[in-house]
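Asker: Please read through the structure below; I'll follow up with questions.
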Amino acid sequence: MHVLLRKLYALHAISEEEAKALIAAISHTREIRRGDDIAEDGSEPKHSTVVLEGIACRYKQFHDGRRQILSFQYPGDITDLYSYVLKKLDHAVGALTNCRVAHIPHPAIQALCEKYPNLAYALWRDTLVDTSKLHASIASLGARSSKERLAHFLAEQHARMVAVGLIKTGESASFGITQSDLADATGLSLVHVNKTLKKLKDEGLVSWNRSRLAIMNWDGLKQAALFDETYLHFKHVSIE
């Protein structure tokens, strides 16, 4: 099954006809090198981008070089579906690892939404879940301790990957991002990320190296993170 369909099926039921029409609308597959932009801040793309392989992120770069990662994007995610409506991006989308992506032209999105209202609902739900994840990130930045914040971040990434079949619970995941990426996503310093990650490893909650992440104690990690996956709004998906 196409990874985009796995993502949408986890959120909402769509018909076989709708699924085939959506996949038929995908075009122009391309490779993006780690560190390169998929879409630039301020650009006006004529398509939305689906991640097929690799990890990307939405981010904001400040004039002094600081970067805030707004969200991580995995295979199955549409990185900028909202550009069909908003037209101009107010942040960038970049590749954190080597990525393979594909385009869905905006005219094709319009035609799909007009012909298949249920599919339009599924895409709308996907964008609203993105907002829900952003709310959770804001709550972490404002209320959670550094340990809770990092644990919550890792728990979310694990839950999202399990839900779309990228990994199974208990398996390690390819997670080729850096501690600097984690710092930019959680609002912690690089030193603080290193120390906090060591605590989580020492407590037997996670295993981490430069390329793989494994959740060693899912219940323990959820407790440490104050994590409740309800805000991810997955349908009929059990994260154990």
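Asker: How large is the accessible surface of LYS115 in square angstrom, using a 1.4 angstrom probe and rounding to the nearest 10?
Answerer: Taking all protein chains as shown, LYS115 has close to 130 Å².
Asker: Where only protein heavy atoms count, and the probe is 1.4 Å, what is the accessible area per residue for segment 1-110 in Å²?
Answerer: Details: 5170 Å² over 110 residues.
With all protein chains present, segment 1-110 gives 47 Å² per residue.
Asker: To the nearest 10 Å², what's HIS28's accessible area with a 1.4 Å probe?
Answerer: 110 Å²
Asker: Run the numbers for LYS88 and THR169: contour at 0.36 nm per residue of separation, minus the present Cα-Cα distance, in nm.
Answerer: Roughly 25.4 nm would be gained on extension.
Asker: Excluding same-chain residues fewer than 8 positions from LYS198, which lysines have a Cα within less than 22 Å of its Cα?
Answerer: Straight-distance partners of LYS198: LYS147, LYS222.
Asker: Once neighbouring chains are kept in place and the probe is 1.4 Å, which whole percent of the accessible area of the chain is contributed by carbon and sulfur?
Answerer: Numbers: 6170 of 11640 Å².
Heavy-atom surface of the chain belonging to carbon and sulfur, 1.4 Å probe: 53 percent.
Asker: Rounded, prolate or oblate: which fits segment 137-227, taking a ≥ b ≥ c as square roots of the Cα gyration tensor eigenvalues, rounded meaning a/c under 1.5, else prolate when a/b beats b/c? Walk me through the intermediate numbers first.
Answerer: Values: a/c = 1.44, a/b = 1.30, b/c = 1.11.
In terms of gyration-tensor shape, rounded.
Asker: Shifting gears a bit: Round to the nearest 0.05 the FRET efficiency obtained for GLU40 and SER132 when R0 = 30 Å and r is the Cβ-Cβ distance.
Answerer: Details: r = 26 Å, r/R0 = 0.87.
Efficiency computed from Cβ-Cβ geometry: 0.70.
Asker: Considering the dipole of segment 31-172 built from charges on the beta carbon (Lys and Arg +1, Asp and Glu -1) around the Cα centre, which of ILE78, SER137, CYS113 is farthest to its positive end?
Answerer: Result: SER137.
Asker: Additional query: Once you put a point 7 Å from the Cα of LYS115 and another 7 Å from the Cα of GLU53, both along the Cβ direction, what distance in nm separates them?
Answerer: Calculated label separation equals 2.9 nm.
Asker: Something else now. Per residue, how large is the accessible surface of segment 149-240? Use a 1.4 angstrom probe and give square angstrom. Intermediate values should be presented prior to the final figure.
Answerer: Values: 4410 Å² over 92 residues.
With the other protein chains kept in place, segment 149-240 gives 48 Å² per residue.
Asker: Just LEU128, LEU81, LEU197 to compare: in a GNM of the chain, with alpha carbon springs under 10 Å, which one fluctuates most?
Answerer: The residue that fluctuates most here is LEU128.
Asker: What are the lysines whose alpha-carbon lies under 17 Å from the alpha-carbon of LYS20, with same-chain residues fewer than 8 places away excluded?
Answerer: Filter leaves LYS7, LYS115.
The values are calculated or read from the model by the stated rules, or taken from the named source; none is laboratory data. Just so it is clear, the model here is predicted, and its values are computed rather than measured. Counting neighbours? That spans all protein chains shown, and the Cβs are built from the backbone with ideal geometry, glycine included. The area values use the complete protein model at the heavy-atom level, side chains included, leaving out ligands, DNA and RNA. Shrake-Rupley method; radii C 1.70, N 1.55, O 1.52, S 1.80 Å.
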